[in-house]
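Have a look at the structure below before the remarks.
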Amino acid sequence: MSATSAPPGNQENQLVDRFGRTVNYVRLSVTDRCDLRCVYCMPEKMKFVPRTQLLTLEEMESVGRAFISLGVDKIRITGGEPLVRRNILQLFNHLGAIEELKDLTLTTNATQLKKYAKQLKAAGVTRINISLDTLKTDRFQEMTRVGELKRTLDGIDAAIACDFDQIKLNSVVLKNYNHDEVFDLVGYAIDRGIDISFIEEMPLGENTHHDRAASYYSSDEILKDLRQHYEILPATKKTAGPTRYFALTDHANTHVGFISPHSHNFCESCNRVRVTAEGRLLLCLGQEHSVDLRRVIRSNPGDDEALRQAIIDSMEIKPKGHDFNLNSQTILLRHMNLTGG
Ligand code: SAM
Ligand code: SF4
């Protein structure tokens, strides 16, 4: 669609940007903190945002409500690790009770799922994405720096037992770290009748752990590896996110997805925005265009209209797309845990 074909903003309670894309999906980061330190996500000694600068759970709920009143019907709670935020169930319970919200989802590393899975299901969470990059105990510890594989696997089993609409594994694949495990990870997903997506690492935040360009392992390479073992064909399945899905001919209950910011840019169909734990509304994962919703909320206490208007106005600055470049010296300074993955 041409850049000028539709005025951006609020059209009949829908958020539409300059490029005619309707935004109906928000990723809400509830904390930048985490109990793991995945090597592609954050440095070992991460400096976290002071707690006073984070939105309160009540402020997050107001943000969620404002978006829902503007046609958003999918909210994904993410982080950092969302389940380490104190009293987080309160937010799930309150958002889950809003009828207009069709899809309340969560992205988690699963370390707390044994404790929370049942309560999340009861709160109305529909789908869960769980990060799992390896099935090897030592490697899990290496890639998360501090994690214990068993705890994550127990969390996955606890979630499966609760019968959510969908559970999907997310694996970031790095050459010479875990690229040799894509077949085993798909096997693990097949055994449990769940989906799995492979993600190309994105250049968010400085990374001194590994050379991102040298560790790049493309979705096409993974697909080629998997085709040595499976018959795998493009699928019609579509979710609100940027994943391209494939079906496995002999395993109907498992789809394999690819999130490929480098090799298959997904910006044209972008329908989403992010809100960081500090209340910064990010209009694009890979650009810095943003609006400070915390300032709007705190300078207009109790005025939901000011918040709604700030969100409507933000459609004017949603960029056309990211321009991630693994070889560029210029990188976005915010890490994924701050961005809300
Ligand atoms: N802690 C939760 C988890 O790990 O699922 C939620 C937040 S995490 C930032 C969300 C997703 O972002 C995870 O699937 C993680 O693997 C992915 N991720 C983190 N850093 C990334 C990077 N630099 N490039 C691509 N994906 C990344
Ligand atoms: Fe934590 Fe998720 Fe980042 Fe890993 S990817 S460090 S689990 S926020």
### Task
Sort 190, 222 so that the residue with the fewest other Cβ atoms within 10 Å of its own Cβ comes first and the one with the most comes last.
190, 222
### Query
Of 283, 248, 95, which is the most mobile in a GNM of the chain whose springs link Cα atoms less than 10 angstrom apart?
248
### Query
How do 52-58, 268-274 rank on mean C-beta neighbours within 10 Å, highest first?
268-274, 52-58
### Task
Report the extension gain between residue 69 and residue 22 in nm, rounded to one decimal, defined as 0.36 nm multiplied by the number of residues separating them, less their alpha carbon distance.
15.5 nm
## Note on the structure
If unit charges are put on Cβ atoms (+1 for Lys and Arg, -1 for Asp and Glu) and the dipole of the chain is taken about its Cα centre, the option from 233, 219, 204 lying farthest towards the positive end turns out to be 204
### Query
Relative to the Cα centre, what is the charge dipole magnitude of the chain, using +1 at the beta carbon of each Lys and Arg, -1 at the beta carbon of each Asp and Glu, and rounding to the nearest 20 debye?
560
#### Entry: residue 86 versus residue 137: modelled label distance in nm, points set 7 Å from Cα along the beta carbon direction
3.5
### Message
Could you identify which residue out of 225, 292, 165 has the top mean-square fluctuation in a GNM of the chain using Cα springs shorter than 10 Å?
### Response
165
#### Entry: Gained length - residue 288 relative to residue 236, 0.36 nm times residue gap less alpha-carbon distance
15.4 nm
#### Entry: Exposure proxy ranking, count of Cβ atoms within 10 Å, fewest first, for 318, 136, 115
115, 136, 318
### Query
Once the Cα atoms of the chain are picked out, what are the Rg and Dmax in Å?
19.3, 59
### Virtual spin-label span in nm between residue 146 and residue 58, 7 Å along Cα→Cβ
3.1
### Neighbour-count order for 60, 46, 143, fewest beta carbons within 10 angstrom listed first
46, 143, 60
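Here, each number is a calculation from the coordinates, and none is a lab measurement. Remember, predicted model here, so these are calculated numbers, not experimental data. Glycine also receives a Cβ, built like all others from the backbone with ideal geometry; neighbour counts cover every protein chain displayed.
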